[in-house]
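Working notes, structure below.
The values are calculated or read from the model by the stated rules, or taken from the named source; none is laboratory data. Since this is a predicted model, take the numbers as computed values, not measurements. Using ideal geometry, Cβ is built from the backbone for each residue, glycine included, and neighbour counts are taken over all protein chains shown. Heavy atoms of the whole protein, side chains included, go into the accessibility calculation; ligands, DNA and RNA do not. Shrake-Rupley method; radii C 1.70, N 1.55, O 1.52, S 1.80 Å.
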Amino acid sequence: MHSIVLIKQVPQTSDVQMDKETGTMIRSGSTSILNPLDVYALETALQIKDRNGGRVTVITMGPASAVKVLKEAIAMGCDDVYHLNDRAFAGSDTWATSYVLAKAIEKIGIPDLVITGERATDGDTAQVGPAVASWLDLPVLTYVASIENLTSDSLIVERLIEEGYQRVQSPLPALLTVVKEIAEPRLPTLRGKKRAMATNIVTWSASDLDADQAFMGLRGSPTRVVKIATPKVSRQCRMVKVEDDDSLIEAVDQLFTFLEERDLLGGLNA
Amino acid sequence: MHEVWTISECHQGRVKDVSYELLARGRSLADTLKVRLGTVVIGSNINTDDVKQLAYQGADILYLADDPSLSSFVCGRYAALLLKLISEKKPQIIIAAATTSGRTLMPYVAVKAHAGLTADCTELAIEEGTENLLQTRPAIGGNIMATIKTPGHRPQMATVRPRSTKPLAAQHDRPFVVEEVPVAPRSEKSSVEVLGLRGLEGQSGSIEEADIVIAGGKGLKKRDNFVLIERLAKAFGAEVGASRDAVDRGWVSYPHQVGLSGKTISPRLYLAAGISGAIQHLAGIKTAKCIVAINNDEQANILGLADFAIIGDLFQVLPEIEKRLEQRRKA
Ligand SMILES: Cc1cc2nc3c(=O)[nH]c(=O)nc-3n(C[C@H](O)[C@H](O)[C@H](O)COP(=O)(O)OP(=O)(O)OC[C@H]3O[C@@H](n4cnc5c(N)ncnc54)[C@H](O)[C@@H]3O)c2cc1C
Ligand SMILES: Cc1cc2nc3c(=O)[nH]c(=O)nc-3n(C[C@H](O)[C@H](O)[C@H](O)COP(=O)(O)OP(=O)(O)OC[C@H]3O[C@@H](n4cnc5c(N)ncnc54)[C@H](O)[C@@H]3O)c2cc1C
């Protein structure tokens with residue numbers, strides 16, 4: 001079983017604090033990390049390899065620093081990694097990003113499974129997975145929470161949708177986007193870390209791909225970001241303190257008045 | 001004149017609420033552009049009253065694709081149908097809901113239609129002069145708002161965050177047209193099959209669709225105490241939400257998790273008890289209409305986003321709120 005996992009490098013937000021006045025993020029430095037939702041995609045592929053044998057290949061498209069996330073993937077146990085790095089890729093929207101990723105997958109050879117994270121925490125569109133599937137004409141199963149009955153030519157998954165868990169059967173090859181629930185990510189091993197140091201990372205530029213450069217980067221992107229604004233936190237917090245029984249009654253009274261003012265108890269009998 | 005379209009979602013033959021919200025968005029765009037508003041309704045055994053309701057609430061023309069093969073969302077099947085319709089009718093704008101199916105169908109279709117797609121928009125407007133669609137969306141955990149347009153490509157496509165608009169009032173005398181969309185027999189060779197649906201445990205609906213979400217975090221201290229949240233949710237007629245810490249401790253299952261690695265929700269009321277408001281949690285509730293926090297720490301981060309806060313011990317406060325709700329019910 002061959003899986004190709006797509007991973008992205010994103011700005012770190014875990015040690016970020018909110019500025020309560022402006023509602024903006026206070027970034028402590030600007031370190032980049034592996035998209036936190038992509039570790040679940042990596043873990044899914046590694047568990048499939050543990051059970052069914054085969055290989056896990058990882059691709060990222062990004063600047064030179066993105067090599068770091070590929071090393072993390074090797075340290076976890078992935079086999080081959082590819083870095084797509086070229087100025088021609090810069091400024092790609094999801095349409096162009098998915099085109100470049102699909103071309104790289106074609107060059108490597110269509111695997112049994114392509115696996116992506118649910119979404120990246122910066123651009124936050126969740127569009128790249130289904131878009132890659134479209135370029136490659138693969139069936140796409142999104143929001144996958146578990147996999148069962150994986151055979152050489154089909155699988156059954158449960159997708160977490162609004163109404164519950166939907167069971168779906170699909171032929172292979174297929175593309176999956178996975179949610180956090182699917183697996184408990186393993187930690188990198190010492191052996192893996194050593195291998196990561198030694199592994200030669202393959203870098204492909206635009207000309208290494210059999211691809212039309214007019215479909216890449218800012219030029220190839222249908223969407224344009226025309227404005228970025230920081231929303232002001234307009235919320236005025238009304239705060240009441242509870243110290244004893246009386247202030248407890250008083251606080252809950254005030255809460256109910258507040259909820260009534262906003263018509264938030266409408267459905268409940270007064 | 002090229003139409004504006006919405007995608008109406010169905011579940012088991014009934015049109016989902018979010019479809020009416022989309023019509024309210026679509027109506028104002030179509031009126032500004034002075035074109036017809038169409039809606040593409042895909043499903044099986046679609047309720048005929050619901051179809052009329054779509055017209056009463058804004059649609060001028062209904063493209064109805066009703067076939068047993070469309071009973072559940074299968075991306076490839078829905079996409080083939082939509083792509084054919086796009087190439088025949090050439091709409092200038094298509095909006096769908098930012099639901100699990102909308103966020104799957106739209107990027108798949110956008111690639112093949114060579115169209116730009118903006119995700120999870122909270123505002124849509126027509127730019128004066130150019131008539132381009134201005135699409136505004138939260139990104140980076142809701143910390144910025146980006147406005148995006150697609151000047152050189154048609155259709156302009158966007159998904160819209162559920163619950164970010166109110167549906168229009170029904171107008172029973174609105175004229176409308178229904179056009180049946182022929183559905184191609186399905187090809188057996190590469191078929192994705194939906195085998196069934198397992199409901200979410202202890203939940204009547206999903207937190208994404210709930211009006212009110214009552215959420216608990218690590219401040220509840222142990223599993224047994226989490227019933228305080230469950231009981232309060234019941235008293236409010238609400239769904240249960242949770243922080244990642246509560247989910248990771250096994251107090252409540254993953255579909256309840258709110259935040260960066262869980263769900264992004266926009267309920268009318270979000271009540272968070274014993275949740276500190278880490279940035280990853282707040283990412284999931286930035287577009288909630290009203291946030292109430294119950295926390296014993298005056299410095300808790302969540303207070304920066306809350307509209308109302310009770311600073312106190314949740315073990316006293318939650319039962320008191322529940323008691324008060326019960327009294328109202330009996331009164
Ligand atoms: C503020 C802002 C708003 C944006 N809004 C839009 C928009 O509405 N529409 C649009 O088309 N573009 C948009 N973009 C551009 C978009 O973020 C980039 O195209 C980005 O490279 C991929 O999209 P994403 O971060 O949303 O990834 P997602 O689609 O959320 O990522 C899903 C999964 O795809 C895989 N993946 C994503 N990117 C890569 C990569 N570079 N290499 C390998 N795997 C990857 C990962 O597995 C990831 O978990 C926006 C960018 C910014 C900064
Ligand atoms: C990549 C990544 C993704 C993440 N994704 C998510 C996500 O999707 N959702 C999420 O929630 N978190 C997420 N997190 C985790 C997040 O950073 C926090 O760790 C988590 O939200 C904390 O949960 P909590 O608020 O329940 O617990 P704590 O931060 O421990 O907060 C408990 C709160 O309870 C209060 N409290 C304690 N006792 C009482 C009492 N008796 N009465 C009243 N108040 C009391 C305390 O004052 C405190 O504010 C993510 C983290 C990372 C790194």
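Quick notes on this one:
- Where B:Gly142 falls short, out of the listed (1) part of a strand (DSSP E or B); (2) open to solvent by less than 40 Å² (accessible area, probe 1.4 Å): (1)
- Set A:Val225, A:Val233, A:Val242: member being under 20 Å from B:Leu325 (Cα atoms), open to solvent by less than 100 Å² (accessible area, probe 1.4 Å) and either out of contact with any Pro (no Cβ under 6 Å at 6 or more places or on another chain) or at pLDDT 90 or above (or both): A:Val242
- Only one of the numbered conditions (1) more than 10 Å from ligand 1 (Cβ to nearest atom); (2) free of Cβ contacts under 8 Å to residues at least 12 places away in the same chain; (3) facing chain B (nearest Cβ under 10 Å) is violated by A:Arg159, and that is (2).
- Of all residues in the range B:90-104, those being touching a Pro at 6+ places or on another chain (Cβ under 8 Å) and within 12 Å of chain A (Cβ to nearest Cβ) number 5.
- Checking each residue in the range A:121-140 for being within 16 Å of ligand 2 (Cβ to nearest atom) and either modelled with pLDDT of 95 or more or surrounded by fewer than 19 Cβ atoms within 10 Å (Cβ to Cβ) (or both) picks out A:Asp122, A:Ala126.
- The one condition from (1) open to solvent by 10 Å² or more (accessible area, probe 1.4 Å); (2) within 11 Å of another protein chain (Cβ to nearest Cβ); (3) outside any helix (DSSP H, G or I); (4) under 21 Å from A:Val240 (Cα atoms) that B:Arg324 does not meet is (3).
- Residues that are touching a Gly at 6+ places or on another chain (Cβ under 6 Å) and basic (Lys, Arg) within the range B:196-239 comprise just one, B:Arg198.
- Residue in the range B:36-43 that is closer than 29 Å to A:Arg159 by Cα, open to solvent by less than 10 Å² (accessible area, probe 1.4 Å) and within 14 Å of chain A (Cβ to nearest Cβ) present: yes
- Only residues that are small (Gly, Ala, Ser) and either without any contact (Cβ under 8 Å) to a residue 24 or more places away in the chain or surrounded by fewer than 17 Cβ atoms within 10 Å (Cβ to Cβ) (or both) were counted across the range A:182-217, and they come to 4.
- Residues (surrounded by fewer than 18 Cβ atoms within 10 Å (Cβ to Cβ) and basic (Lys, Arg)) located in the range A:151-181: A:Arg167
- Of all residues in the range A:77-88, those satisfying the criterion of being within 19 Å of the chain's Cα centre (by Cα) and not in a loop (DSSP other than H, G, I, E, B) are A:Val81, A:Tyr82, A:His83, A:Leu84.
- Odd one out for A:Tyr143, checked against (1) at pLDDT 95 or above; (2) on the phi < 0 side of the Ramachandran plot: (2)
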